[in-house]
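K.L.:
Below you will find the structure I want to go over with you.
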Amino acid sequence: GDTAANNINTRIHRFISTTDNKVARITFQDLVAIGHVTDTHNEGETNVTHTLTPTPVIINTVFNLTSGTALCDTSCQIQHTREQKLNEAKKRLDEASSASHRASLNHVKPAGTKCDRNCRKKQLIKQGVIRPRGYAARVQVENMSLPESWTVTREHMDRLALRVQHVKETCRKYGLDKLTSTNQPNAWEFLINKQHGLAWCNVFKAASSTWIYNFNLLAGYTETELMQAKEAPINLARKRYPRPSVRELQELFNTTHPPLTFMIARHPLERLVSAYRNKILSGNRYYSRLYHTVLKSYPELGPGIQTNAYSSIGGGGAGGAGSKIKARTHPRTTVPSFPQFVQYLVDQHRQGVKLDEHWTPVNTFCTPCLVPYDVYAKVETLEEDGNYIIFTAGINDVIKPKRINRSQDQPTDQVADKFLCQLTKTQMEGLLQLYKYDIELFQYDVEKYVECTKNNT
């Protein structure tokens, strides 16, 4: 009401006690930043008409006012000239909607600084005072720093060249480089940025979240837009990167200055474990029909696993499966165990059924035998390979790299053995057949997984 409005100005600090007796001290700008105060804008300047949300603010974190204010003053303030300050004060007085507002403002001197709300919000998130919203709340995000300059080493160049050469030789060995009615390039998954001369085939569960983020930055989205977006990143990307046809892809490669074309490979069995954890074990309801099919088909392999169900934003396919927004509370559900899931995949492969993009072989998904890739990056060497792509393309001043991980606990490479060594010898043999070409094309070692399952029946 008017009493609350009279007490609001840019120099007021509110003390908010929590249920566990911790205290957070929040500035007025902080209330605006976290959405507990609505304000109106006119050509970028803040109008003084504010409305407090009736819901009380509960914050379970101690926030140091002094350090918080210092951060705002030094790194988030928007500087104003004396004339601008006076004009702002006059404008606020003129636009005050009530006598009580006017009376309050008559005692307020023009503020010397004004906080940038996005900057301030980031600081509050960093200090744990508020939780991030949108995409940033659904994934683990680690800021990465690029070197100021980077020079590729001869050793790295040789390694990249040997990868290209090995893929070509393996393709010839199995005749995978021959165009037929059933063996065509898959252009569907490419994202092509002509401005920066990049073409990337997006292999899901192989640093795909990280590089979709990079390509979205190249497409003109801001970091704030991407981190706060409710829409799945791949959907945002497809708004600015239309899916090319095979003909368009071939024409692009035949131009005078073709793009730097790359894909990112990952150990096939570890990629499978990552997909299982993110799409199945997590209880993603997009795959609920798959759960029921697998559990019904393989009861002899166990009762399944109890887990909490959640709804994913944008669906469970390329549209953003695994994005945990619990818009609705769902009961616990039963999902297939890893052996049940693997048995289902092996049987589907033997029957010639097309598999989901998160666990389909890369050989058919990005068709490395039919597309002239310049770089085969690998998840296992991604920092070095990524720097090569970024600096070769000259995008080091455009993107702000982040490592984005959808796993909510231990990284997959640390727990892959736990899952894969549950399998029977027959199931492992089925997986090796399913991923035969991926394993050989990208030179991955599977011996330890063969060894740990050789006596399992």
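K.L.:
Past 23 Å, Cα to Cα, is the threshold; run 239/400; 205/378; 173/279; 178/436 against it and keep the listed order. Write out the running numbers ahead of the final one.
P.N.:
Numbers: 239/400 21 Å; 205/378 12 Å; 173/279 35 Å; 178/436 18 Å.
Distance filter (> 23 Å) returns 173/279.
K.L.:
Run the quick spin-label model on residue 413 and residue 292: label points 7 Å from Cα toward the beta carbon, then report their separation in nm to one decimal.
P.N.:
Label-label distance for residue 413 and residue 292, simple model: 3.9 nm.
K.L.:
Continuing with this model, one more query. What distance in nm lies between label points placed 7 Å from Cα along the C-beta direction at residue 308 and residue 452?
P.N.:
2.8
K.L.:
Okay, next question. Can you give the extra length, in nm with one decimal, that the chain gains between residue 181 and residue 426 once fully stretched, where that is 0.36 nm per residue apart less the Cα-Cα distance? Each step should come with its number before you reach the end.
P.N.:
Values: separation 245, 0.36 × 245 = 88.20 nm, distance 3.24 nm.
Gain on stretching residue 181 to residue 426: 85.0 nm.
K.L.:
If DNA, RNA and ligands are ignored and the probe is 1.4 Å, what is the ranking of 332, 154, 266, 159 by accessible area, most exposed first?
P.N.:
Largest to smallest exposure gives the sequence 154, 332, 159, 266.
K.L.:
To the nearest 10 square angstrom, what accessible area does residue 349 show with a 1.4 Å probe?
P.N.:
70
K.L.:
What order do 359, 150 take when sorted by accessible area (1.4 Å probe), most exposed first?
P.N.:
Accessible-area ranking of 359, 150, largest first: 150, 359.
K.L.:
Once fully extended, how much extra length lies between residue 374 and residue 397, figured as 0.36 nm per residue of separation less the alpha-carbon to alpha-carbon distance?
P.N.:
The residue 374-residue 397 span can extend by a further 6.1 nm.
K.L.:
So, one more: By per-residue mean of other Cβ atoms within 10 Å, what is the highest-first order of 278-285, 391-398, 248-255, 173-180?
P.N.:
278-285, 391-398, 248-255, 173-180
K.L.:
Show me the three semi-axes of the equivalent ellipsoid for the stretch 418-457, from the C-alpha gyration tensor (sqrt of 5 times each eigenvalue), largest first, rounded to whole Å.
P.N.:
Result for the stretch 418-457: semi-axes of 18, 10, 7 Å.
K.L.:
Sticking with this structure for a sec: What does the charge count near residue 216 come to, summing +1 for each Lys or Arg and -1 for each Asp or Glu among other residues with Cβ under 10 Å from its Cβ?
P.N.:
0
K.L.:
I've got another one for you. Which value in nm describes the separation of the simple spin-label points at residue 351 and residue 168, placed 7 Å from the Cα toward the beta carbon?
P.N.:
4.1
K.L.:
For 337, 297, 181, write out the residues from largest to smallest accessible area, computed with a 1.4 angstrom probe and no ligands counted.
P.N.:
Ranked from most to least accessible, the order is 181, 297, 337.
K.L.:
In a Debye calculation with equal point scatterers on the alpha-carbon sites of the stretch 220-287 and no solvent, what is log10 I(q)/I(0) at q = 0.23 Å⁻¹?
P.N.:
Computed log10 I(q)/I(0) values: -1.06.
The values are calculated or read from the model by the stated rules, or taken from the named source; none is laboratory data. All values reported here derive from a predicted model rather than from experimental measurement. In this analysis, Cβ positions are derived from the backbone assuming ideal geometry, glycine residues included, and neighbour counts consider all displayed protein chains. Each accessible area value is taken on the protein alone, full model and side chains, heavy atoms only, with ligands, DNA and RNA left out. Shrake-Rupley method; radii C 1.70, N 1.55, O 1.52, S 1.80 Å.
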